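The values are calculated or read from the model by the stated rules, or taken from the named source; none is laboratory data. Owing to the predicted nature of the structure, the values given are computational and were not obtained by experimental measurement. Quick reminder, even Gly has a Cβ in these numbers, built from the backbone with ideal geometry, and neighbours come from all protein chains shown. Protein only, heavy atoms only, side chains kept; ligands, DNA and RNA dropped before computing areas. Shrake-Rupley method; radii C 1.70, N 1.55, O 1.52, S 1.80 Å.
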Amino acid sequence: MRRNEPASVQPALTEEDVPHWDHEADVIVIGAGFAGLAAAIEARSAEASVIVIEKMRAPGGNSSLSEGGIAAPNTQIQKRLGIEDSPDLMYEDMVRAGLGLNHPALVRELVMRAEETFRWSADYLGVPYIDRIDQFGGHSVPRCYAATGVTGSTIIKRQVAKLAELGIRIRVQTRFERFVLDQKGAVCGMHVRAGYDHKNPEAGADAYIKAGKAVVLTTGGFGADVSFRTAQDPRLGADIDTTNTPYATAEALVEALRIQAMPVHLSHIQLGPWASPDEKGYGAGPRFADYTLFQYGLIVSPHTSKRIVNELADRKIVADAILAVGRPCIGIADERSLQQSGWAIDRALKKGVVRQFAALSDLSAHYGLDEQALASTIERFNGYVTQRADPEFGKPIIDGAAPIAHPPYYAMRLWPKVHHTMGGVRIDESARVIDLDGCPIPHLFAAGEVAGGVHGACRLGSCAITDCLVFGRIAGRNAATS
């Protein structure tokens, strides 16, 4: 459906409404991000014929914009470094961050398959990972791995190459419009707009694709869909920026709801606390904030020059704390923190998102902080680092952390942006889409951000790619045998 058309005039289609089928395959995958490409690879490996459609000019979407981080417990890297981890511990971390709203069976499926899926991405797809492991907010131990280049496009390129090897072509500029149902109410195909152009919604022509076995919905989240997201959370209007591409919208999700898919957690929308108001979209600042500032530094209020939160808490806790201040807060780290993190920030410095200061007095003056109050805050924080315990906020003092006392100092303004939508359609452990009566919708599967229930109220960093690959693979395999 085109967004300027009233939803009320767009009923689900039946086979009788289809003038002819233009294309046919066993499995049709809607969306070419992490989850969709994983589903296509598994479906083809199960000897099903596959068509992948993507509304944009190239595959990837938000997946390509991500930092390419994947979380997995009990890996060989952890064992080599003496890090004790387990699926049970990762489960506990995810449910704690999700405020207990996560659907337990989905979380259990994810954590039990995470390590094998991580190895699959490296060994079967050939994804190169940096030989390091990070601990992000809400994780009890380091279990997060970054693809080379620290970008999701590294993984997407390997997935696309594998699809080419398997003989599958991605049909880009093909926008999903509506599901087609057979006489029994099962999904049997779809109406699409072939030749879609996001600059001209009327471009292209209608086409119909028949699914011999099943359809897999992997269209991502709706973080850039201001109308839909404000219906779920009125605070998130157009004045709140997003890290998503402008095309992360809800139309495919709406079509799933139209055929009675059960909605789950639609109002739980994650804000990225590591974002900056000094750049648009995702930008360059989050890498400094997530990998250096939150792990080794501190966040202070512009009103009091005092800390406001455990910087290594989960995203919801940190974002809510910043929003409660009412103005962008200031994140501070030093040269030793930057060197310990191992990440370059040249791009963020060049853009002026991260700023460098020779002394804390210069930093205080630039941001209008109280110099004495800030000095007292940092002295107290340094004491916690030295004693390896933070009684004030409970921040874990990770290996390599040291007092903030080594100039130059680095700082950035922090203000959350819409990043991830935890809600979507309900799925079961087999990635089947569940209807309002609690029954599977025949021949419809879903995976990735369009599916709700996995993360509850808050997703932990690096768990999205794990989610997409785990359930994308499940969806593809089961679609091929449905």
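Pairs linking a residue in region 440-465 that is without any contact (Cβ under 8 Å) to a residue 40 or more places away in the chain to a residue that is open to solvent by 10 Å² or more (accessible area, probe 1.4 Å) and among the small types (Gly, Ala, Ser), with Cβ atoms under 9 Å and 6 or more positions apart or on different chains, are Pro440/Ser430. Answer with yes or no whether Tyr129 is closer than 27 Å to Ser341 by Cβ and of a type in the set (Phe, Trp, Tyr). Yes: the conditions hold for Tyr129.
If you go through region 7-24 one residue at a time, do you hit one that is closer than 30 Å to Gly438 by Cα, in contact with a Leu (Cβ under 9 Å, 6 or more places away or on another chain), modelled with pLDDT under 95 and among the small types (Gly, Ala, Ser)? There is at least one residue in region 7-24 that is closer than 30 Å to Gly438 by Cα, in contact with a Leu (Cβ under 9 Å, 6 or more places away or on another chain), modelled with pLDDT under 95 and among the small types (Gly, Ala, Ser).
Within region 349-364, one or more residues are touching a residue at least 60 places away in the same chain (Cβ under 8 Å) and open to solvent by less than 10 Å² (accessible area, probe 1.4 Å). Of the numbered criteria (1) touching a residue at least 12 places away in the same chain (Cβ under 8 Å); (2) over 25 Å from the mean Cα position of the chain (by Cα), the one Gly221 fails is (2). Of the set (1) in contact with a Gly (Cβ under 8 Å, 6 or more places away or on another chain); (2) under 22 Å from His268 (Cα atoms); (3) small (Gly, Ala, Ser), all apply to Gly438 but (1). Could you give me the residue pairs with C-beta distances under 7 Å whose first residue belongs to region 278-289 and is more than 15 Å from Thr151 (Cα to Cα) and in contact (Cβ under 8 Å) with a residue 12 or more places away in the chain, whose second residue is surrounded by fewer than 22 Cβ atoms within 10 Å (Cβ to Cβ) and of a type outside the set (D, E, K, R) wherever it lies, and which are 6+ apart or on separate chains? Within 7 Å, the pairs are Asp278/Gly352. Here Val264 fulfils each of the conditions (1) closer than 30 Å to Ala447 by Cβ; (2) open to solvent by 20 Å² or more (accessible area, probe 1.4 Å) apart from (2).
Condition check for Phe228 on (1) in a helix (DSSP H, G or I); (2) buried (at least 23 other Cβ atoms within 10 Å of the Cβ); (3) among the aromatic types (Phe, Trp, Tyr): one failure, at (2).
Rundown of residues vs (1) surrounded by 23 or more Cβ atoms within 10 Å (Cβ to Cβ); (2) of a type outside the set (A, V, I, L, M), yes/no style:
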position: Glu371; (1), (2): no, yes
position: Val385; (1), (2): no, no
position: Ala405; (1), (2): no, no
position: Lys417; (1), (2): yes, yes
position: Ile441; (1), (2): yes, no
position: Gly453; (1), (2): yes, yes
position: Ala479; (1), (2): yes, no
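Regarding Thr249, is this residue farther than 30 Å from Ala373 by Cα, among the β-branched types (Val, Ile, Thr) and open to solvent by 30 Å² or more (accessible area, probe 1.4 Å)? Here the answer is yes, as Thr249 does meet what is asked.
Looking only at region 318-331, count every residue that is farther than 11 Å from Arg413 by Cβ and open to solvent by less than 10 Å² (accessible area, probe 1.4 Å) and tell me the total.
First, pick out the residues of region 318-331 that are farther than 11 Å from Arg413 by Cβ: 318-321, 323-326.
Right, trim to open to solvent by less than 10 Å² (accessible area, probe 1.4 Å) and you get 318-319.
Counting residues in region 318-331 that are farther than 11 Å from Arg413 by Cβ and open to solvent by less than 10 Å² (accessible area, probe 1.4 Å) gives 2.
Within region 128-150, residues that are under 19 Å from Val318 (Cβ atoms) and open to solvent by less than 20 Å² (accessible area, probe 1.4 Å) have Cβ atoms under 9 Å from residues that are aromatic (Phe, Trp, Tyr) and part of a strand (DSSP E or B) in these pairs: Asp134/Tyr145, counting only partners at least 6 apart in sequence or on another chain.
Once region 77-95 is narrowed to residues that are under 22 Å from Ile317 (Cα atoms) and touching a residue at least 60 places away in the same chain (Cβ under 8 Å), the residue that is surrounded by the most Cβ atoms within 10 Å (Cβ to Cβ) is Met94.
From the list Tyr296, Tyr208, which residue is closer than 30 Å to Asp370 by Cβ, more than 18 Å from the chain's Cα centre (by Cα) and in contact (Cβ under 8 Å) with a residue 24 or more places away in the chain?
Step by step, each of Tyr296, Tyr208 is checked, and only Tyr296 is closer than 30 Å to Asp370 by Cβ, more than 18 Å from the chain's Cα centre (by Cα) and in contact (Cβ under 8 Å) with a residue 24 or more places away in the chain.
Within region 166-202, being under 30 Å from Tyr124 (Cβ atoms), modelled with pLDDT of 95 or more, in a loop (DSSP other than H, G, I, E, B) and open to solvent by 20 Å² or more (accessible area, probe 1.4 Å) holds for Leu166, Gly167, Val172, Gln173.
For Phe118, state whether it is surrounded by 20 or more Cβ atoms within 10 Å (Cβ to Cβ), more than 23 Å from Leu271 (Cα to Cα) and aromatic (Phe, Trp, Tyr).
Working: surrounded by 20 or more Cβ atoms within 10 Å (Cβ to Cβ): yes; more than 23 Å from Leu271 (Cα to Cα): yes; aromatic (Phe, Trp, Tyr): yes.
Yes: the conditions hold for Phe118.
The set of residues in region 52-75 being among the hydrophobic types (A, V, I, L, M, F, W, C), out of contact with any Phe, Trp or Tyr (no Cβ under 6 Å at 6 or more places or on another chain) and crowded, with 24+ Cβ neighbours inside 10 Å consists of Val52, Ile53, Ala71.
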